[in-house]
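Visitor: Dumping the structure here so I can ask a few things about it.
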Amino acid sequence: MERLAMVVASSIGADLAMAFLTQTKLPVEYAFFDGEQFAQIGKGTRRIMTLFLYFAIKSLYWSKGGTLKKILWCDDDSIKSYFIDAGKNLTYTNLRRQISDSLEDKPFPPLSKELQKHTYFEFGSIEDHFKYRQAVMEAYPCGHYPVFEGYDHMQYQIRDPKGFAEMLAHIAERDCMPELPFIRK
């Protein structure tokens, strides 16, 4: 392997992908991140949050997806099975380990200006993730920050995997976001 055309990181995988990007010797042409995973939340707060998050995610399994709207503000039946499975498979130990070992207590890893120019951080609406978005924008001023209004990248990926794949191909081919009705400039 001589280069990577794209790294896509969703959910908690953003930490692992960023660690990989900062350590690989391979040239990386593009990256697409779930930006809110770079939230600056203190370790003490995360310790307290772990128990609440555990029960929230488990409730998705126990309620057969009935709590999805309360937890993720989405009641789309097409994505319920994904979250029910996540709740079923989650263990408290794994969640605690993942939450305690995170980028959030560390400085943002350095990315070259060149890679920043080809990196896309999606946060959902600006208003929903203002604090996180601002911190990431300050850390990576040359990055791109598309706003997915009312339809975040994860919902897009689950509801329309072909469309999501076409969006990534468009980024790799043209180095810009495609015109999509739910993306605000």
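The values are calculated or read from the model by the stated rules, or taken from the named source; none is laboratory data. Because the structure is a prediction, the values reported are computed rather than measured. Note: ideal-geometry Cβ built from the backbone for every residue, glycine included; neighbour counts use all protein chains shown.
Visitor: Give me the pairs, please: first residue somewhere in the range 80-103 and within 21 Å of G66 (Cα to Cα) and part of a helix (DSSP H, G or I), second residue anywhere and among the hydrophobic types (A, V, I, L, M, F, W, C) and at pLDDT 80 or above, beta-carbon distance under 7 Å, and either six or more positions apart or on two chains.
Guide: F83/L60; I84/L60; A86/I57; A86/L60; G87/I57; G87/L60
Visitor: Check E2, E114 and return the single one that is at negative phi and modelled with pLDDT of 85 or more. Reasoning before the result, please.
Guide: Values: E2 fails: modelled with pLDDT of 85 or more.
One residue alone meets the criteria, E114.
Visitor: More than 16 Å from the chain's Cα centre (by Cα) and at pLDDT 90 or above, is that true of K185? Break it down into steps so the answer makes sense when it comes.
Guide: On the way: more than 16 Å from the chain's Cα centre (by Cα): yes; at pLDDT 90 or above: no.
So K185 does not fit the description; no.
Visitor: A follow-up question, please. Among Y156, Y140, Y132, which is the only one that is on the phi < 0 side of the Ramachandran plot and at pLDDT 85 or above?
Guide: Working: Y156 fails: at pLDDT 85 or above; Y132 fails: at pLDDT 85 or above.
None of the other options fit; the residue is Y140.
Visitor: Determine if the range 37-51 includes at least one residue that is modelled with pLDDT under 65, crowded, with 17+ Cβ neighbours inside 10 Å and in a helix (DSSP H, G or I).
Guide: yes
Visitor: Here's something else I'd like to know. Any idea how many residues of the range 143-153 are small (G, A, S) and at pLDDT below 90?
Guide: Final tally of qualifying residues: 1.
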